[in-house]
Amino acid sequence: MRITLDEDRCCGAGTCVMTAPDVFDQRDDGIVVLLDPNPPAQLATSVHDAAARCPAAAIRVETE
Amino acid sequence: MTETTADPTDSTDPTDTVDLPGLPRERGCPFDPAPGYAHLRESAPITRIAFPSGGSGWLVTRYEDVRALLADPRFSSRLSAAAPHVRTAVAALPEPLPGALLRLDEPEHARYRRPVMRAFTVKRVQQLRPRIQQIVDERLDAMERAGGPVDLVAELALPVTSLVICELLGVSYDDRETFHGLAGRLLAIESSPEEGQQARAELASFIAALVAAKREKPDDDLLSTLIAEADADPDSPLTDIALTVLGSLLLIAGHETTANMIALGTLTLLEHPDQLAALREDPALADRTVEELLRHLTIIQFGLVRMATEDLTLGGRSIRAGEYVVASLPSANRDPGLGIEDPDRLDITRTPAAHVAFGYGPHQCLGQQLARAELQITLTSLFSRFPGLRLAAPAESLPFRDDMLIYGLHQLPVTW
Ligand code: SF4
(Lines give C-alpha, C1' and ligand atoms only; values in the text may rest on other atoms or scores of the structure.)
Protein backbone atom coordinates (compact mmCIF):
# COMPACT_ATOMS: atom_id res chain seq x y z
CA MET A 1 0.00 0.00 0.00
CA ARG A 2 1.38 3.38 -1.03
CA ILE A 3 -0.23 6.67 -0.15
CA THR A 4 0.24 9.98 -1.87
CA LEU A 5 -1.28 13.32 -0.92
CA ASP A 6 -2.25 16.37 -2.85
CA GLU A 7 -1.79 19.07 -0.25
CA ASP A 8 -3.09 21.76 -2.56
CA ARG A 9 -6.51 20.17 -2.60
CA CYS A 10 -6.75 19.54 1.14
CA CYS A 11 -9.49 21.60 2.76
CA GLY A 12 -8.38 20.72 6.25
CA ALA A 13 -11.53 19.44 7.88
CA GLY A 14 -9.63 16.50 9.34
CA THR A 15 -11.79 13.59 8.26
CA CYS A 16 -8.68 11.54 7.52
CA VAL A 17 -7.23 12.19 10.98
CA MET A 18 -10.46 10.98 12.54
CA THR A 19 -10.63 7.92 10.33
CA ALA A 20 -7.01 6.76 10.32
CA PRO A 21 -5.13 8.59 13.07
CA ASP A 22 -2.08 6.34 12.80
CA VAL A 23 -1.52 7.35 9.22
CA PHE A 24 -2.72 10.95 8.90
CA ASP A 25 -2.22 14.05 10.94
CA GLN A 26 -2.73 17.76 10.32
CA ARG A 27 -0.15 20.54 10.37
CA ASP A 28 -0.95 23.48 12.63
CA ASP A 29 -2.57 25.20 9.67
CA GLY A 30 -4.87 22.24 9.06
CA ILE A 31 -3.20 20.75 5.99
CA VAL A 32 -2.89 16.99 5.99
CA VAL A 33 0.40 15.30 6.95
CA LEU A 34 1.30 11.75 6.13
CA LEU A 35 2.66 9.98 9.19
CA ASP A 36 3.30 6.73 7.38
CA PRO A 37 3.43 6.49 3.57
CA ASN A 38 3.63 2.67 3.67
CA PRO A 39 1.35 1.65 6.50
CA PRO A 40 1.02 -2.00 7.55
CA ALA A 41 -1.65 -4.08 5.89
CA GLN A 42 -3.91 -4.18 8.94
CA LEU A 43 -4.53 -0.46 8.46
CA ALA A 44 -5.67 -0.94 4.87
CA THR A 45 -9.37 -0.69 5.66
CA SER A 46 -9.13 2.53 7.59
CA VAL A 47 -6.77 4.06 5.03
CA HIS A 48 -9.10 3.27 2.15
CA ASP A 49 -11.96 4.57 4.23
CA ALA A 50 -10.10 7.82 4.89
CA ALA A 51 -9.38 8.23 1.18
CA ALA A 52 -13.02 7.59 0.31
CA ARG A 53 -14.25 10.05 2.90
CA CYS A 54 -11.79 12.84 2.10
CA PRO A 55 -14.08 15.58 0.79
CA ALA A 56 -11.36 17.01 -1.40
CA ALA A 57 -10.11 13.77 -2.97
CA ALA A 58 -6.65 14.69 -1.71
CA ILE A 59 -5.63 11.16 -0.73
CA ARG A 60 -4.56 8.53 -3.26
CA VAL A 61 -3.92 4.96 -2.23
CA GLU A 62 -2.18 2.46 -4.47
CA THR A 63 -2.17 -1.18 -3.57
CA GLU A 64 0.39 -3.53 -5.00
CA MET B 1 -29.40 4.77 -16.60
CA THR B 2 -32.64 4.37 -18.54
CA GLU B 3 -33.67 6.83 -21.21
CA THR B 4 -36.39 9.14 -19.99
CA THR B 5 -37.33 11.17 -23.02
CA ALA B 6 -41.01 11.17 -22.15
CA ASP B 7 -40.31 12.40 -18.65
CA PRO B 8 -41.98 15.79 -18.19
CA THR B 9 -39.18 16.82 -15.84
CA ASP B 10 -36.78 16.72 -18.78
CA SER B 11 -38.59 19.57 -20.49
CA THR B 12 -36.24 21.41 -22.78
CA ASP B 13 -37.47 24.90 -22.04
CA PRO B 14 -35.99 25.92 -18.69
CA THR B 15 -38.47 28.77 -18.31
CA ASP B 16 -41.49 26.51 -18.59
CA THR B 17 -42.16 25.56 -14.97
CA VAL B 18 -45.92 25.05 -15.15
CA ASP B 19 -45.95 21.29 -14.71
CA LEU B 20 -42.88 20.95 -12.57
CA PRO B 21 -43.11 19.82 -8.96
CA GLY B 22 -41.43 21.90 -6.27
CA LEU B 23 -38.82 20.89 -3.72
CA PRO B 24 -40.39 18.27 -1.38
CA ARG B 25 -41.15 20.20 1.79
CA GLU B 26 -43.93 18.39 3.69
CA ARG B 27 -42.45 16.15 6.34
CA GLY B 28 -44.45 13.28 7.70
CA CYS B 29 -42.34 12.44 10.74
CA PRO B 30 -40.41 15.43 12.09
CA PHE B 31 -37.19 13.36 12.22
CA ASP B 32 -37.41 12.30 8.58
CA PRO B 33 -37.01 14.27 5.38
CA ALA B 34 -40.15 14.79 3.29
CA PRO B 35 -41.32 11.39 1.98
CA GLY B 36 -41.10 12.73 -1.56
CA TYR B 37 -37.34 12.22 -1.53
CA ALA B 38 -37.44 8.43 -1.30
CA HIS B 39 -39.70 8.37 -4.32
CA LEU B 40 -37.44 10.70 -6.29
CA ARG B 41 -34.30 8.68 -5.53
CA GLU B 42 -36.02 5.68 -7.08
CA SER B 43 -37.79 7.24 -10.01
CA ALA B 44 -36.08 10.52 -10.90
CA PRO B 45 -32.81 10.94 -8.99
CA ILE B 46 -31.89 14.06 -10.96
CA THR B 47 -35.02 15.93 -11.80
CA ARG B 48 -36.13 19.41 -12.70
CA ILE B 49 -38.12 21.26 -10.07
CA ALA B 50 -39.85 24.60 -9.97
CA PHE B 51 -38.49 27.19 -7.57
CA PRO B 52 -40.98 29.19 -5.49
CA SER B 53 -39.13 32.30 -6.58
CA GLY B 54 -39.91 31.53 -10.22
CA GLY B 55 -37.63 29.70 -12.60
CA SER B 56 -36.43 26.19 -12.07
CA GLY B 57 -33.41 24.07 -11.44
CA TRP B 58 -32.30 20.50 -10.91
CA LEU B 59 -32.76 18.51 -7.74
CA VAL B 60 -30.17 15.81 -7.03
CA THR B 61 -31.24 13.22 -4.47
CA ARG B 62 -28.85 10.25 -4.60
CA TYR B 63 -25.74 9.98 -2.47
CA GLU B 64 -23.30 9.31 -5.31
CA ASP B 65 -24.66 12.12 -7.45
CA VAL B 66 -24.68 14.56 -4.54
CA ARG B 67 -21.04 13.80 -3.78
CA ALA B 68 -20.06 14.00 -7.45
CA LEU B 69 -21.82 17.35 -7.79
CA LEU B 70 -20.32 18.91 -4.68
CA ALA B 71 -16.79 17.81 -5.59
CA ASP B 72 -17.02 18.97 -9.21
CA PRO B 73 -15.35 22.33 -9.87
CA ARG B 74 -17.61 22.88 -12.88
CA PHE B 75 -20.37 23.66 -10.42
CA SER B 76 -19.94 27.10 -8.91
CA SER B 77 -20.89 28.47 -5.51
CA ARG B 78 -21.01 32.00 -6.90
CA LEU B 79 -24.78 32.21 -6.94
CA SER B 80 -26.64 35.22 -8.15
CA ALA B 81 -29.60 34.69 -5.81
CA ALA B 82 -29.89 33.59 -2.15
CA ALA B 83 -31.68 30.25 -1.61
CA PRO B 84 -33.77 30.55 -4.78
CA HIS B 85 -35.00 26.98 -4.26
CA VAL B 86 -36.90 27.84 -1.07
CA ARG B 87 -37.37 31.59 -0.90
CA THR B 88 -40.39 33.10 -2.60
CA ALA B 89 -38.77 36.49 -2.97
CA VAL B 90 -35.19 36.62 -4.17
CA ALA B 91 -33.28 39.59 -5.47
CA ALA B 92 -30.09 39.49 -7.47
CA LEU B 93 -27.13 39.18 -5.10
CA PRO B 94 -24.13 41.44 -5.51
CA GLU B 95 -20.77 39.84 -6.35
CA PRO B 96 -19.47 37.89 -3.34
CA LEU B 97 -17.24 39.91 -1.03
CA PRO B 98 -13.69 38.79 -0.20
CA GLY B 99 -13.87 36.15 2.53
CA ALA B 100 -17.44 35.06 1.72
CA LEU B 101 -16.47 31.39 1.88
CA LEU B 102 -19.91 30.04 1.06
CA ARG B 103 -20.05 31.92 -2.22
CA LEU B 104 -16.50 31.65 -3.56
CA ASP B 105 -14.90 29.08 -5.85
CA GLU B 106 -11.37 27.72 -5.91
CA PRO B 107 -8.70 28.96 -5.78
CA GLU B 108 -10.15 32.12 -4.22
CA HIS B 109 -12.12 30.11 -1.65
CA ALA B 110 -8.99 28.35 -0.33
CA ARG B 111 -7.15 31.66 0.05
CA TYR B 112 -9.66 32.76 2.67
CA ARG B 113 -10.36 29.36 4.15
CA ARG B 114 -6.75 28.47 4.88
CA PRO B 115 -6.05 31.24 7.39
CA VAL B 116 -8.98 30.15 9.56
CA MET B 117 -8.51 26.40 9.18
CA ARG B 118 -5.91 26.22 11.92
CA ALA B 119 -8.45 27.08 14.58
CA PHE B 120 -10.53 24.01 13.72
CA THR B 121 -8.07 21.15 13.34
CA VAL B 122 -8.61 17.86 15.16
CA LYS B 123 -5.79 18.75 17.56
CA ARG B 124 -6.97 22.27 18.35
CA VAL B 125 -10.47 21.06 19.02
CA GLN B 126 -9.06 18.34 21.25
CA GLN B 127 -7.38 21.06 23.30
CA LEU B 128 -10.65 22.94 23.57
CA ARG B 129 -12.54 19.98 25.03
CA PRO B 130 -11.90 20.70 28.72
CA ARG B 131 -13.14 24.26 28.26
CA ILE B 132 -16.23 23.07 26.38
CA GLN B 133 -16.91 20.60 29.19
CA GLN B 134 -16.64 23.44 31.71
CA ILE B 135 -19.08 25.60 29.76
CA VAL B 136 -21.53 22.72 29.47
CA ASP B 137 -21.25 21.92 33.19
CA GLU B 138 -21.90 25.53 34.12
CA ARG B 139 -25.03 25.60 32.00
CA LEU B 140 -26.23 22.31 33.49
CA ASP B 141 -25.63 23.72 37.00
CA ALA B 142 -27.72 26.73 36.09
CA MET B 143 -30.50 24.49 34.76
CA GLU B 144 -30.43 22.43 37.92
CA ARG B 145 -30.63 25.53 40.12
CA ALA B 146 -33.52 26.96 38.11
CA GLY B 147 -35.41 23.65 38.24
CA GLY B 148 -37.60 22.36 35.40
CA PRO B 149 -39.33 22.86 33.17
CA VAL B 150 -36.89 24.85 31.05
CA ASP B 151 -36.50 25.53 27.36
CA LEU B 152 -33.45 23.49 26.42
CA VAL B 153 -32.77 25.65 23.37
CA ALA B 154 -32.54 28.86 25.38
CA GLU B 155 -30.92 27.38 28.48
CA LEU B 156 -28.41 24.93 27.03
CA ALA B 157 -28.11 24.56 23.27
CA LEU B 158 -27.76 28.22 22.32
CA PRO B 159 -25.66 29.33 25.31
CA VAL B 160 -23.14 26.48 24.94
CA THR B 161 -22.53 26.96 21.24
CA SER B 162 -22.57 30.76 21.51
CA LEU B 163 -20.14 30.82 24.42
CA VAL B 164 -17.75 28.51 22.59
CA ILE B 165 -17.68 30.47 19.34
CA CYS B 166 -17.58 33.79 21.23
CA GLU B 167 -14.47 32.73 23.13
CA LEU B 168 -12.81 31.23 20.11
CA LEU B 169 -13.44 34.20 17.88
CA GLY B 170 -13.17 36.91 20.50
CA VAL B 171 -16.77 38.20 20.52
CA SER B 172 -18.35 39.34 23.77
CA TYR B 173 -21.06 36.95 24.96
CA ASP B 174 -22.94 40.03 26.23
CA ASP B 175 -23.74 40.73 22.59
CA ARG B 176 -25.56 37.43 22.15
CA GLU B 177 -28.99 38.96 21.79
CA THR B 178 -27.72 41.00 18.88
CA PHE B 179 -26.23 38.11 16.96
CA HIS B 180 -28.92 35.59 17.88
CA GLY B 181 -31.48 38.02 16.48
CA LEU B 182 -29.42 38.54 13.34
CA ALA B 183 -29.06 34.78 12.82
CA GLY B 184 -32.83 34.41 13.04
CA ARG B 185 -33.37 37.08 10.43
CA LEU B 186 -30.71 35.68 8.09
CA LEU B 187 -31.98 32.13 8.21
CA ALA B 188 -35.75 32.64 8.06
CA ILE B 189 -37.11 31.51 4.72
CA GLU B 190 -39.67 34.26 4.69
CA SER B 191 -37.11 37.04 5.12
CA SER B 192 -37.35 39.37 2.14
CA PRO B 193 -34.21 40.26 0.18
CA GLU B 194 -34.30 43.69 1.84
CA GLU B 195 -34.52 42.17 5.33
CA GLY B 196 -31.66 39.82 4.49
CA GLN B 197 -29.57 42.69 3.17
CA GLN B 198 -30.32 44.77 6.25
CA ALA B 199 -29.38 41.92 8.62
CA ARG B 200 -26.13 41.28 6.72
CA ALA B 201 -25.26 44.96 6.93
CA GLU B 202 -25.94 45.10 10.68
CA LEU B 203 -23.87 41.99 11.26
CA ALA B 204 -21.04 43.42 9.17
CA SER B 205 -20.94 46.68 11.10
CA PHE B 206 -21.02 44.78 14.39
CA ILE B 207 -17.99 42.69 13.37
CA ALA B 208 -16.21 45.62 11.70
CA ALA B 209 -16.34 47.55 14.98
CA LEU B 210 -14.93 44.50 16.73
CA VAL B 211 -12.07 44.22 14.21
CA ALA B 212 -11.22 47.88 14.81
CA ALA B 213 -11.33 47.41 18.59
CA LYS B 214 -9.12 44.32 18.44
CA ARG B 215 -6.58 46.05 16.27
CA GLU B 216 -6.26 48.62 19.08
CA LYS B 217 -6.29 46.06 21.84
CA PRO B 218 -5.46 42.57 20.65
CA ASP B 219 -6.39 39.53 22.68
CA ASP B 220 -5.72 35.83 22.57
CA ASP B 221 -8.46 34.95 20.07
CA LEU B 222 -8.81 34.00 16.42
CA LEU B 223 -9.87 37.43 15.23
CA SER B 224 -6.87 39.10 16.92
CA THR B 225 -4.53 36.49 15.44
CA LEU B 226 -5.90 37.03 11.96
CA ILE B 227 -5.64 40.80 12.28
CA ALA B 228 -2.03 40.61 13.46
CA GLU B 229 -1.20 38.27 10.60
CA ALA B 230 -2.86 40.50 8.05
CA ASP B 231 -1.10 43.59 9.38
CA ALA B 232 2.29 41.87 9.25
CA ASP B 233 1.93 40.72 5.65
CA PRO B 234 1.29 43.24 2.91
CA ASP B 235 0.26 40.41 0.56
CA SER B 236 -2.30 38.96 2.94
CA PRO B 237 -5.75 38.48 1.41
CA LEU B 238 -7.21 39.38 4.80
CA THR B 239 -8.30 42.94 4.19
CA ASP B 240 -10.61 44.51 6.75
CA ILE B 241 -13.57 43.63 4.56
CA ALA B 242 -12.44 40.01 4.35
CA LEU B 243 -11.90 39.86 8.12
CA THR B 244 -15.38 41.26 8.69
CA VAL B 245 -17.01 38.84 6.27
CA LEU B 246 -15.12 35.84 7.69
CA GLY B 247 -15.88 36.87 11.26
CA SER B 248 -19.59 37.26 10.49
CA LEU B 249 -19.74 33.85 8.88
CA LEU B 250 -17.89 32.04 11.67
CA LEU B 251 -20.04 33.67 14.34
CA ILE B 252 -23.36 32.74 12.78
CA ALA B 253 -22.42 29.32 11.41
CA GLY B 254 -20.54 28.54 14.60
CA HIS B 255 -23.50 28.68 16.94
CA GLU B 256 -26.75 28.30 15.05
CA THR B 257 -26.14 24.96 13.35
CA THR B 258 -24.72 23.15 16.37
CA ALA B 259 -27.36 24.59 18.71
CA ASN B 260 -30.05 23.09 16.53
CA MET B 261 -28.27 19.75 16.41
CA ILE B 262 -28.08 19.72 20.22
CA ALA B 263 -31.79 20.42 20.67
CA LEU B 264 -32.98 18.16 17.89
CA GLY B 265 -30.52 15.44 18.88
CA THR B 266 -31.79 15.56 22.47
CA LEU B 267 -35.38 15.24 21.33
CA THR B 268 -34.52 12.42 18.94
CA LEU B 269 -32.91 10.43 21.74
CA LEU B 270 -35.86 11.08 24.05
CA GLU B 271 -38.19 9.80 21.37
CA HIS B 272 -36.01 6.72 20.72
CA PRO B 273 -35.67 5.34 24.26
CA ASP B 274 -33.92 2.16 23.13
CA GLN B 275 -31.18 4.24 21.52
CA LEU B 276 -30.88 6.48 24.55
CA ALA B 277 -30.61 3.41 26.78
CA ALA B 278 -27.82 2.05 24.59
CA LEU B 279 -25.92 5.33 24.90
CA ARG B 280 -26.45 5.43 28.66
CA GLU B 281 -25.18 1.89 29.00
CA ASP B 282 -22.07 2.62 26.98
CA PRO B 283 -20.97 6.26 26.98
CA ALA B 284 -18.18 5.24 24.60
CA LEU B 285 -20.93 5.28 21.96
CA ALA B 286 -20.97 9.11 22.10
CA ASP B 287 -18.94 9.46 18.87
CA ARG B 288 -21.15 7.08 16.97
CA THR B 289 -24.29 8.62 18.40
CA VAL B 290 -23.28 12.03 17.16
CA GLU B 291 -22.37 10.76 13.68
CA GLU B 292 -25.66 8.91 13.43
CA LEU B 293 -27.68 11.90 14.63
CA LEU B 294 -25.89 14.15 12.15
CA ARG B 295 -26.68 11.74 9.34
CA HIS B 296 -30.21 10.95 10.38
CA LEU B 297 -31.30 14.54 11.00
CA THR B 298 -29.25 16.44 8.37
CA ILE B 299 -30.34 19.91 9.45
CA ILE B 300 -29.26 21.63 6.21
CA GLN B 301 -32.78 20.66 5.31
CA PHE B 302 -33.11 22.12 1.82
CA GLY B 303 -29.67 21.13 0.61
CA LEU B 304 -26.91 23.15 -1.03
CA VAL B 305 -27.25 25.08 -4.27
CA ARG B 306 -24.66 25.29 -7.03
CA MET B 307 -24.67 26.66 -10.56
CA ALA B 308 -23.35 24.84 -13.63
CA THR B 309 -20.64 26.90 -15.29
CA GLU B 310 -20.73 24.92 -18.53
CA ASP B 311 -22.95 22.44 -20.33
CA LEU B 312 -22.26 19.10 -18.68
CA THR B 313 -23.60 15.70 -17.77
CA LEU B 314 -24.30 14.58 -14.23
CA GLY B 315 -25.61 11.10 -13.49
CA GLY B 316 -26.66 10.77 -17.13
CA ARG B 317 -28.56 14.07 -17.21
CA SER B 318 -27.62 17.00 -19.40
CA ILE B 319 -27.36 20.18 -17.43
CA ARG B 320 -26.82 23.50 -19.11
CA ALA B 321 -24.49 26.33 -18.20
CA GLY B 322 -26.21 28.77 -15.87
CA GLU B 323 -28.68 26.29 -14.42
CA TYR B 324 -29.11 25.93 -10.69
CA VAL B 325 -28.60 22.51 -9.13
CA VAL B 326 -29.73 21.58 -5.61
CA ALA B 327 -27.77 18.87 -3.79
CA SER B 328 -30.18 17.38 -1.26
CA LEU B 329 -28.06 16.43 1.75
CA PRO B 330 -31.02 14.97 3.73
CA SER B 331 -31.95 12.73 0.83
CA ALA B 332 -28.36 11.60 0.19
CA ASN B 333 -28.02 10.65 3.84
CA ARG B 334 -31.05 8.36 3.62
CA ASP B 335 -30.02 6.78 0.33
CA PRO B 336 -29.23 3.04 0.45
CA GLY B 337 -26.36 4.05 -1.87
CA LEU B 338 -24.67 5.45 1.21
CA GLY B 339 -23.74 1.85 1.90
CA ILE B 340 -25.41 1.29 5.24
CA GLU B 341 -28.21 -1.06 6.09
CA ASP B 342 -31.67 0.38 6.50
CA PRO B 343 -30.65 4.03 6.27
CA ASP B 344 -34.02 5.26 7.55
CA ARG B 345 -33.41 3.59 10.89
CA LEU B 346 -31.65 5.47 13.67
CA ASP B 347 -28.94 3.17 14.97
CA ILE B 348 -26.30 4.71 17.19
CA THR B 349 -24.32 1.48 17.34
CA ARG B 350 -23.59 1.27 13.63
CA THR B 351 -20.19 1.98 12.14
CA PRO B 352 -20.44 5.67 11.28
CA ALA B 353 -21.51 6.22 7.70
CA ALA B 354 -19.58 8.47 5.32
CA HIS B 355 -22.50 10.89 5.47
CA VAL B 356 -22.74 14.30 3.86
CA ALA B 357 -24.32 16.18 6.79
CA PHE B 358 -21.33 18.56 6.68
CA GLY B 359 -21.47 18.78 2.89
CA TYR B 360 -18.77 17.42 0.63
CA GLY B 361 -16.03 18.80 -1.58
CA PRO B 362 -13.78 21.75 -0.88
CA HIS B 363 -16.53 23.60 0.99
CA GLN B 364 -17.11 20.82 3.48
CA CYS B 365 -17.85 22.34 6.89
CA LEU B 366 -14.78 23.95 8.35
CA GLY B 367 -16.08 23.72 11.90
CA GLN B 368 -17.10 20.08 11.85
CA GLN B 369 -14.64 18.87 14.48
CA LEU B 370 -15.75 21.60 16.85
CA ALA B 371 -19.39 20.74 16.21
CA ARG B 372 -18.68 17.09 16.95
CA ALA B 373 -16.93 17.90 20.22
CA GLU B 374 -19.72 20.22 21.37
CA LEU B 375 -22.37 17.65 20.52
CA GLN B 376 -20.59 14.73 22.16
CA ILE B 377 -19.88 16.63 25.34
CA THR B 378 -23.28 18.30 25.63
CA LEU B 379 -25.40 15.23 24.92
CA THR B 380 -23.51 12.86 27.21
CA SER B 381 -23.30 15.39 30.04
CA LEU B 382 -26.97 16.31 29.76
CA PHE B 383 -28.23 12.75 29.99
CA SER B 384 -25.88 11.78 32.79
CA ARG B 385 -26.77 14.89 34.82
CA PHE B 386 -30.51 14.45 34.32
CA PRO B 387 -31.26 10.72 34.05
CA GLY B 388 -34.97 11.49 34.24
CA LEU B 389 -34.93 14.07 31.44
CA ARG B 390 -38.25 14.17 29.60
CA LEU B 391 -40.41 16.42 27.49
CA ALA B 392 -42.46 19.03 29.33
CA ALA B 393 -44.91 19.48 26.46
CA PRO B 394 -46.68 17.07 24.11
CA ALA B 395 -44.38 16.05 21.27
CA GLU B 396 -47.04 17.07 18.72
CA SER B 397 -46.97 20.65 19.99
CA LEU B 398 -43.25 21.25 19.50
CA PRO B 399 -42.26 24.12 17.19
CA PHE B 400 -40.03 22.55 14.52
CA ARG B 401 -38.05 24.89 12.31
CA ASP B 402 -39.73 24.11 8.99
CA ASP B 403 -39.51 27.83 8.32
CA MET B 404 -35.74 28.15 8.60
CA LEU B 405 -32.86 27.19 6.31
CA ILE B 406 -31.45 25.21 9.23
CA TYR B 407 -33.82 22.65 10.73
CA GLY B 408 -34.23 22.06 14.44
CA LEU B 409 -36.52 23.40 17.13
CA HIS B 410 -37.47 26.93 18.10
CA GLN B 411 -38.04 25.70 21.65
CA LEU B 412 -37.69 22.41 23.48
CA PRO B 413 -39.45 22.37 26.87
CA VAL B 414 -37.97 19.69 29.12
CA THR B 415 -38.06 18.75 32.76
CA TRP B 416 -36.48 16.02 34.90
S1 SF4 C 1 -9.73 14.42 4.78
FE2 SF4 C 1 -8.82 15.26 2.91
S3 SF4 C 1 -9.31 17.42 2.97
FE4 SF4 C 1 -9.64 16.64 5.04
S5 SF4 C 1 -7.72 17.00 6.13
FE6 SF4 C 1 -7.61 14.93 5.27
S7 SF4 C 1 -6.64 15.20 3.28
FE8 SF4 C 1 -7.30 17.22 3.93
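The values are calculated or read from the model by the stated rules, or taken from the named source; none is laboratory data. Keep in mind it's a predicted model, so treat the numbers as computed, not measured. Glycine gets a Cβ as well: all are built from the backbone with ideal geometry, and neighbour counts include every protein chain shown. Surface areas here come from the heavy atoms of the whole protein model, side chains and all, with no ligands, DNA or RNA. Shrake-Rupley method; radii C 1.70, N 1.55, O 1.52, S 1.80 Å.
Specify the inter-centroid distance of the range B:236-268 and the range B:332-393, based on alpha-carbon positions, in whole Å. Cα centres, the range B:236-268 to the range B:332-393: 18 Å.
Computed from the C-beta positions of B:ARG78 and B:ASP344, the FRET efficiency with R₀ = 30 Å rounds to 0.30.
The residues of the protein assembly as shown present an accessible area of 43 Å² per residue when probed at 1.4 Å with all protein chains retained.
For the protein assembly as shown, what does -39500 (n - 2.57) per DSSP helix run (n ≥ 4), summed and divided by total residues, give at 222 nm, in deg cm²/dmol to the nearest 500?
For the protein assembly as shown, the value works out to -13500 deg cm²/dmol.
Interface between chains B and A: roughly 1500 Å² of accessible area buried, both sides summed (probe 1.4 Å, protein heavy atoms only).
The dipole here belongs to chain B: it is taken about the Cα centre, uses +1 on the Cβ of Lys and Arg and -1 on the Cβ of Asp and Glu, and is about 560 debye. What residues does the range B:316-361 have that are buried by at least 20 Å² of accessible area in the full protein assembly compared to the chain on its own, 1.4 angstrom probe? Flagged in the range B:316-361: B:PRO352, B:ALA354, B:TYR360, B:GLY361.
Taking the square roots of 5 times each eigenvalue of the Cα gyration tensor of the range B:197-314, largest first, gives ellipsoid semi-axes of 37, 23, 15 Å. When the Cα convex hull of the protein assembly as shown is projected onto planes of every orientation, the mean area is 23.1 nm². What you get for the protein assembly as shown, charging only the Cβ of Lys and Arg (+1) and of Asp and Glu (-1), is a dipole of about 280 debye around the Cα centre. Multiplying the residue separation of B:ALA232 and B:PHE386 by 0.36 nm and subtracting their alpha-carbon distance yields 50.5 nm.
Relative contact order of chain B: 23 percent, from C-alpha pairs under 8 Å at least 6 residues apart in sequence. Scalar couplings 3J(HN,Hα) for the range B:68-82, obtained by applying the Karplus form with A = 6.51, B = -1.76, C = 1.60 to θ = phi - 60°, are 4, 5, 6, 9, 8, x, 6, 9, 9, 8, 6, 7, 9, 9, 8 Hz; x denotes Gly and Pro. The mean sequence distance of close C-alpha pairs (under 8 Å, at least 6 residues apart), as a share of the length of the range B:65-173, puts its relative contact order at 15 percent. The residue among B:VAL136, B:ILE299, B:GLN197 whose Cα reaches farthest toward the positive pole of the charge dipole of the protein assembly as shown, with charges on the beta-carbon of Lys, Arg, Asp and Glu, is B:VAL136. When the Cα positions of B:GLY54, B:GLY28, B:SER76 are compared along the charge dipole of the range B:17-81, B:SER76 comes out farthest toward the positive end, with charges on each C-beta of Lys, Arg, Asp and Glu.
Just the number, please: carbon plus sulfur as a percent of the accessible area of the range B:333-410, 1.4 Å probe, no ligands or DNA/RNA counted.
53 percent
By the Kirkwood approach, averaging reciprocal distances over each pair of separate Cα atoms, chain B gets a hydrodynamic radius of 22.3 Å. Highest mean first, the peptides B:335-343, B:155-163, B:119-127 sorted by other C-beta atoms within 10 Å per residue fall in the order B:155-163, B:119-127, B:335-343.
Using Cα centres only, tell me the gap between the range B:195-228 and the range B:72-112 in whole Å. Here the answer is 22 Å between Cα centres. When the charge dipole of the protein assembly as shown is built from unit charges on Cβ atoms (+1 for Lys and Arg, -1 for Asp and Glu) and taken about the Cα centre, the candidate among B:ALA228, A:VAL32, B:LEU382 whose Cα reaches farthest toward its positive end is B:LEU382. Per atom type, chain A shows carbon and sulfur on 47% of its accessible surface, probed at 1.4 Å. So which trypsin sites (Lys or Arg not before Pro) in the range B:269-336 are both in a DSSP loop and have at most 14 other Cβ atoms within 10 Å of their Cβ? Qualifying residues, ordered by number: B:ARG320. For chain A, pairs of C-alpha atoms spaced more than 13 angstrom apart make up 54 percent of the total. Between B:LEU102 and B:ASP19, the modelled labels are 3.5 nm apart [label points 7 Å from Cα along Cα→Cβ].
The angle between the Cα long axis of helix A:44-53 and the main principal axis of chain A comes to about 30°, on a 0 to 90 degree scale.
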